[in-house]
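The values are calculated or read from the model by the stated rules, or taken from the named source; none is laboratory data. Because the structure is predicted, anything quoted here is derived from the model rather than measured. Here the Cβ positions follow ideal geometry from the backbone for every residue, glycine too, while neighbour counts run over all protein chains shown. Only protein heavy atoms, including side chains, enter the accessible area calculation; ligands, DNA and RNA are left aside. Shrake-Rupley method; radii C 1.70, N 1.55, O 1.52, S 1.80 Å.
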Amino acid sequence: MHQLLGEDTAPKANLLAPDTSGMNFYRADPALADLLRIYLPDALFRHIEPHLDRLGALAGGHLDECARLADRHTPVLHPRDKFGRDTQTIEYHPAYRALENAAFGQFGIHAMSIRKGILGWPDKYPVTAKHAFTFLFNQAEFGLGCPINVTDGCAKLLANFGSEALKERYLDGLTQTDMAKLTQGGQFMTEKEGGSDVGTLTTSAVQEGDCWRLYGEKWFCSNADAKVVMLLARPEGAPPGTRGVGLFLMPRFLDDGSQNHYRIVRLKDKLGTRSMASGEIKLDGAIAYAVGKLDRGFVQMAEMVNSSRLSNGVKSTALMRRAWHDAMTVASNRVVFGSRIADLPLGRRQLLKIGLATEQALSMSFMTADALDRAEGGSQDAAALLRILTPTLKFRATRDARKVCGDALEMRGGIGYIEEFATARLLRDAHLGSIWEGTGNIVALDALKRAVGRHGAEAALSADLHARLDDSAKVPQAWRDRLRGLTDRAVGFAREVAAKTDNEAEARRATSLLYHVASAVQLAWEAHRIDEMRGDARRLLLSRLVIDHRVSPSDPFHLAENRTQDTIAALLLGDRAAGMAEVGELIAAA
Ligand SMILES: Cc1cc2nc3c(=O)[nH]c(=O)nc-3n(C[C@H](O)[C@H](O)[C@H](O)COP(=O)(O)OP(=O)(O)OC[C@H]3O[C@@H](n4cnc5c(N)ncnc54)[C@H](O)[C@@H]3O)c2cc1C
């Protein structure tokens with residue numbers, strides 16, 4: 001968080017209502033650059049940095065204004081064209097089109113990990129690099145984050161499981177950065193009967209030659225007018241439950257140019273992500289093509305869901321970072337009772353709470369993205385690590401985003417609640433992260449019952465965290481020992497919860513503990529690495545705060561020893577680096 005007072009802080013033109021307009025979200029975020037330097041090969045980092053710098057400036061300026069406009073001027077569904085033909089279209093505000101143009105056209109975020117050559121890089125990008133772009137873009141606009149991600153996910157599914165003929169036909173459009181050739185993707189799973197309980201879906205698929213016809217309804221369809229949709233349906237005669245659902249690709253347009261046989265019945269009137277069209281769809285014999293093995297539809301789709309859950313974690317982190325920028329800008333500039341808010345004890349405490357959850361999520365996002373990159377490179381250990389990190393990140397980061405965005409809104413006072421500033425939009429958007437791609441309960445159960453209970457993936461997490469501590473020689477031994485003990489306890493508790501169905505109600509607590517302890521280890525490991533790079537070990541202070549405030553039980557009647565805490569707050573909220581020796585002393589004293 002400290003590092004956020006980087007090179008570029010917000011313009012302070014209006015000290016009564018300080019604003020982030022004009023801030024470069026990349027330059028204002030040296031923690032992001034630090035983590036990228038840790039994870040990416042130097043040549044790749046140097047290649048993307050100017051692009052991140054450009055996106056950071058756009059996200060803090062032009063794109064942010066586009067996001068505000070697109071949120072207020074929501075998409076409109078036209079059931080017919082002006083000649084009375086039943087050709088459906090969705091009309092978007094030009095500001096939304098400008099956002100699309102930046103994300104898909106200029107930066108190609110949707111295609112970075114699939115198509116070579118984006119932004120002049122000869123290879124595909126690791127997911128870690130792609131999500132640096134996701135992170136910056138979503139600080140301005142969260143709604144379009146969904147279409148970017150599902151387009152990426154559709155292409156990935158197609159590349160992994162589609163027939164050569166389907167790939168030949170649809171893969172190029174899904175990964176295009178030429179806006180005239182781009183065909184965005186969608187992912188329609190949820191039906192009225194169940195989003196969580198996908199096995200209850202009733203959409204049926206009837207084979208007709210080498211294609212299928214779909215009948216039924218899809219209840220939540222984001223990017224409703226997507227040109228290429230991946231969906232689940234039950235082939236005639238298939239068994240009930242998730243085993244009986246197949247994965248299908250459904251094009252919006254047929255070969256003769258007419259619209260496929262499905263209708264967008266209406267668009268949802270949503271709390272957040274209002275810029276983006278989510279609709280209800282009635283399938284009336286829509287033409288679709290089977291993707292992969294018919295009886296593996298759910299398992300294949302789960303791959304897309306998992307990469308979406310990671311993306312969701314990153315996007316919620318972006319909302320928190322934006323909330324942090326806003327809160328810090330206000331607190332550093334607005335004067336109340338003769339003091340800057342940031343100089344008042346409760347103001348500092350509020351800032352630390354916002355910043356701590358944000359930095360944890362940033363660290364966990366990169367840890368998870370890196371596990372995905374390594375898993376795709378063939379590492380079985382990384383695949384097991386990814387299995388547990390993905391739902392853990394999705395669970396905690398999306399929930400923290402709700403609170404963090406609410407706290408940042410309050411930091412702005414009354415105008416934080418007014419739609420002219422970003423904070424109200426951030427709060428509305430933040431509430432979606434923990435619903436789609438699996439609600440809080442569903443992802444906590446996935447982490448505990450499946451990742452731990454069925455796959456034993458907690459062993460990979462434990463091994464990884466211990467290895468990180470072994471690899472952090474600069475971190476004081478006593479702190480590493482403390483984190484080792486807590487790692488073992490968090491993993492042990494997760495196993496205990498997973499062992500019995502009777503313990504299911506503890507799944508959320510166990511998942512949170514895994515997240516907090518993993519993030520504390522990760523922050524300590526990063527502190528070691530960053531201290532080596534540029535003599536700054538302040539992330540170790542965050543590691544300490546995670547354990548003190550999010551893991552250890554506190555006596556509500558105990559008065560904290562404030563001097564050390566004040567020094568820690570001053571260091572974290574200031575812009576002075578602090579090396580391992582100084583930080584180590586504080587850790588010991590805290
Ligand atoms: C804006 C928006 C856009 C969306 N876009 C898409 C999209 O593009 N494609 C798509 O397929 N879906 C989409 N969804 C749907 C979303 O993924 C589902 O709403 C979500 O998965 C929850 O499903 P549900 O609404 O059926 O709720 P339910 O599954 O009925 O859940 C209701 C409650 O029951 C709880 N619950 C369920 N099972 C358990 C359990 N075993 N133990 C304890 N509690 C449980 C849940 O946590 C939740 O609190 C979107 C949703 C929204 C809000």
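Remarks
- Tabulated pairs, the stretch 183-202, first within 22 Å of ALA226 (Cα to Cα), second open to solvent by 40 Å² or more (accessible area, probe 1.4 Å) and near the ligand (Cβ under 6 Å from one of its atoms), C-beta under 6 angstrom, 6+ apart or interchain: THR190/PHE220
- Of residues in the stretch 394-451 being under 30 Å from ALA383 (Cβ atoms) and β-branched (Val, Ile, Thr), the one most open to solvent (accessible area, probe 1.4 Å): ILE435
- Which numbered condition ALA342 misses (of (1) in contact (Cβ under 8 Å) with a residue 60 or more places away in the chain; (2) open to solvent by 50 Å² or more (accessible area, probe 1.4 Å)): (2)
- Among the candidates ARG37, ARG46, ARG27, residue that is assigned to a loop (DSSP other than H, G, I, E, B), at pLDDT 95 or above and of a type in the set (D, E, K, R): ARG27
- In the stretch 210-228, the qualifying residues are those that are assigned to a strand (DSSP E or B) and more than 14 Å from the ligand (Cβ to nearest atom), and the one that is most open to solvent (accessible area, probe 1.4 Å) is TYR215.
- Any hit, the stretch 229-238, residues being open to solvent by 30 Å² or more (accessible area, probe 1.4 Å) and β-branched (Val, Ile, Thr): no
- In the stretch 509-519, the condition of being open to solvent by 50 Å² or more (accessible area, probe 1.4 Å) and either in contact with an Asp or Glu (Cβ under 9 Å, 6 or more places away or on another chain) or assigned to a helix (DSSP H, G or I) (or both) is met by at least one residue.
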